[in-house]
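Take a look at the structure set out below.
The values are calculated or read from the model by the stated rules, or taken from the named source; none is laboratory data. This is a predicted model, so every value here is computed, not measured. So basically every Cβ, Gly included, is an ideal-geometry build from the backbone, and we count neighbours across all protein chains shown.
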Amino acid sequence: MLSPPPPATSAKQRVALVLMGAWLAGTVCTSVVATENFYTIDRLLAGSPNAAFSAALQRLGPPEARDLLRYLSSELNRLYFQLTMWITRAVSPARAS
């Protein structure tokens, strides 16, 4: 029968598992948010209950409005992915020890 690992190793493994779980959850959440950002553009262009927004879309024109909103969405996604990268880099030294 195998003996249980020493308590210090067990605590390190638990911390490592928590960090890896948080990293994996963050990666999945970032991917979902990035995808939804692009789907939201189509939902907004299909019809928005906000009259001011709809009027601004009509003044701009549908193709230009879609391009503008996709650009905004891509910039937001870039921010989210950069934040994920920096958080991963900050946590990496803790995973290595």
*Among the residues listed as R66, R70, R14, the single one being surrounded by 10 or more Cβ atoms within 10 Å (Cβ to Cβ), part of a helix (DSSP H, G or I) and in contact with a Phe, Trp or Tyr (Cβ under 8 Å, 6 or more places away or on another chain)*: R70
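Every residue, every condition in (1) modelled with pLDDT of 85 or more; (2) in contact with a Ser or Thr (Cβ under 6 Å, 6 or more places away or on another chain); (3) not polar (S, T, N, Q), yes or no:
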{"residue": "M1", "(1), (2), (3)": "no, no, yes"}
{"residue": "S10", "(1), (2), (3)": "no, no, no"}
{"residue": "V15", "(1), (2), (3)": "no, no, yes"}
{"residue": "V28", "(1), (2), (3)": "yes, no, yes"}
{"residue": "N50", "(1), (2), (3)": "yes, no, no"}
{"residue": "A55", "(1), (2), (3)": "yes, no, yes"}
_Filtered residues of segment 43-79 (kept if without any contact (Cβ under 8 Å) to a residue 40 or more places away in the chain and under 25 Å from V91 (Cα atoms))_ = E75, L76, R78, L79
_Residues satisfying the stated conditions in segment 84-93, i.e. free of Cβ contacts under 8 Å to residues at least 40 places away in the same chain and among the aliphatic types (A, V, I, L, M)_ = M85, A90
_Tabulated pairs, segment 23-42, first over 19 Å from W86 (Cα atoms) and free of Cβ contacts under 8 Å to residues at least 40 places away in the same chain, second part of a helix (DSSP H, G or I) and among the aliphatic types (A, V, I, L, M), C-beta under 6 angstrom, 6+ apart or interchain_ = I41/L69
